[in-house]
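Novice: Just dropping this structure here.
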Amino acid sequence: MYTPANDRYETMTYRRCGQSGLKLPAISLGLWHNFGDVDPYDEAKAMVHRAFDLGITHFDLANNYGPSPGSAESTFGKVLKEGIGAHRDEMIISTKAGYYMWPGPYGDLGSRKYLVASLDQSLQRMGIDYVDIFYHHRPDPDTPIEETMGALDQIVRSGKALYAGISSYRPEQTRCAAEVLRGLGTPCLIHQPSYSMFDRWVEDGLLEVLDDEGIGSIVFCPLAQGLLTDKYLKGVPDGSRAAKPHGFLKTDAITDAKLGKIKALNDLAQQRGQTLAQLALAWVLRHDSVTSALIGASRVSQIEDCVGALKHIDLTEAELAKIESILAD
């Protein structure tokens, strides 16, 4: 049986999520990659256990995470059943629906039918009665936002989720969703957008909307799927995301120009006594409106490295200016 570390809450930083009573760890663990049925189960289990030992209480999933779709939730459910589930009340578990999951007209996008059915399936795969956060995974251009947000409200009122969230909504879509949910009496707790040094769209209005609406955020891909680590400084290593046929990061994304920026950023990180991953995490967490950075991992040491970012999270104005000059080149 798994016994968590006694000191697991002593060094982790917890941040209040928007205007809610909920706090999230500054570093959260996402199960987008490396937790599917194509991946070694023992490694997945070890990563969940080590994350919890380090004070990471938040584990983020989606209905289609794998591969195969759904298998990340099944893997996590097995890990819960084999011991760590005894600490369920210390965990924030989230899942999502919004991308293709099953054939036919009811297995994709944002209808009430899809969202409610998908969450029921997710709960069954994980073997739990509720999730803490349920997200609509992406905007649906065809379904009225009142229906999609109404489904989230229904799900929260049913007790199958404690909080409602949205992911990848643009600024005006976010403001509209927040208004509808507020009118229903189920505030929008959190937004999950992509954000990294190489993907800065949230700075074009979204962060301001989150502040105005009192919504927290958890940013995914803060390490640009591993590009903002030392992994690719000498090419594409075996077993990396770019080397896997089912990954989203492709080798053609690793251009000479981008490698030059990565190497310059790595030099700055070393000057700060950090790894590149730690610098990248400190950079996204510099915003008050960013509650947590959502990391992925393929081994325990990567989680340990990322949590180490919290030892030196402050960035000087000179360092921020240097980062801007590197990214602008």
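Novice: Does Ala72 satisfy the condition of being closer than 27 Å to Ala224 by Cβ, of a type outside the set (Asp, Glu) and part of a helix (DSSP H, G or I)?
Specialist: Taking the combined requirement at face value, the residue satisfies it.
Novice: Name every residue in region 280-301 that is without any contact (Cβ under 8 Å) to a residue 40 or more places away in the chain and buried (at least 19 other Cβ atoms within 10 Å of the Cβ), in order of residue number.
Specialist: Listed by number, the list holds a single entry, Ala282.
Novice: Across region 12-26, what is the total count of residues that are over 18 Å from His87 (Cβ atoms) and touching a residue at least 60 places away in the same chain (Cβ under 8 Å)?
Specialist: 8
Novice: What is the number of the single condition among (1) surrounded by 23 or more Cβ atoms within 10 Å (Cβ to Cβ); (2) among the β-branched types (Val, Ile, Thr); (3) in contact with a helix residue (DSSP H, G or I) (Cβ under 8 Å, 6 or more places away or on another chain); (4) free of Cβ contacts under 8 Å to residues at least 40 places away in the same chain that Val202 does not meet?
Specialist: (3)
Novice: Sticking with this one: Pairs please, first residue from region 62-85 and in contact (Cβ under 8 Å) with a residue 24 or more places away in the chain and farther than 11 Å from Trp32 by Cα, second anywhere and of a type in the set (Ser, Thr, Tyr) and surrounded by fewer than 22 Cβ atoms within 10 Å (Cβ to Cβ), Cβ atoms under 9 Å, 6+ apart in sequence or on different chains.
Specialist: Listed pairs, sorted by first residue: Thr75/Tyr41; Lys78/Tyr41; Val79/Tyr2; Val79/Tyr41; Glu82/Tyr2; Gly83/Tyr2; Gly83/Thr3; Ile84/Tyr2.
Novice: What pairs come out if I take residues in region 306-329 that are in contact (Cβ under 8 Å) with a residue 24 or more places away in the chain and pair them with residues that are loosely packed, with under 13 Cβ neighbours inside 10 Å and charged (D, E, K, R) whose C-beta lies under 7 Å away, six or more apart or interchain?
Specialist: Final answer for the pair search is Leu315/Arg286.
Yes/no matrix, rows are residues, columns are (1) of a type in the set (A, V, I, L, M, F, W, C); (2) farther than 21 Å from Arg50 by Cα; (3) buried (at least 17 other Cβ atoms within 10 Å of the Cβ):
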position	(1), (2), (3)
Lys258	no, yes, no
Ala264	yes, yes, no
Ala269	yes, yes, yes
Val307	yes, no, yes
Ile313	yes, yes, no
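Laboratory data are not the source of any read-out in this text; all were calculated from the coordinates shown. Computed from a prediction, not measured in an experiment: that's the story for all the values here. Positions of Cβ are generated from backbone atoms using ideal geometry, with glycine treated the same way; all protein chains shown enter the neighbour counts.
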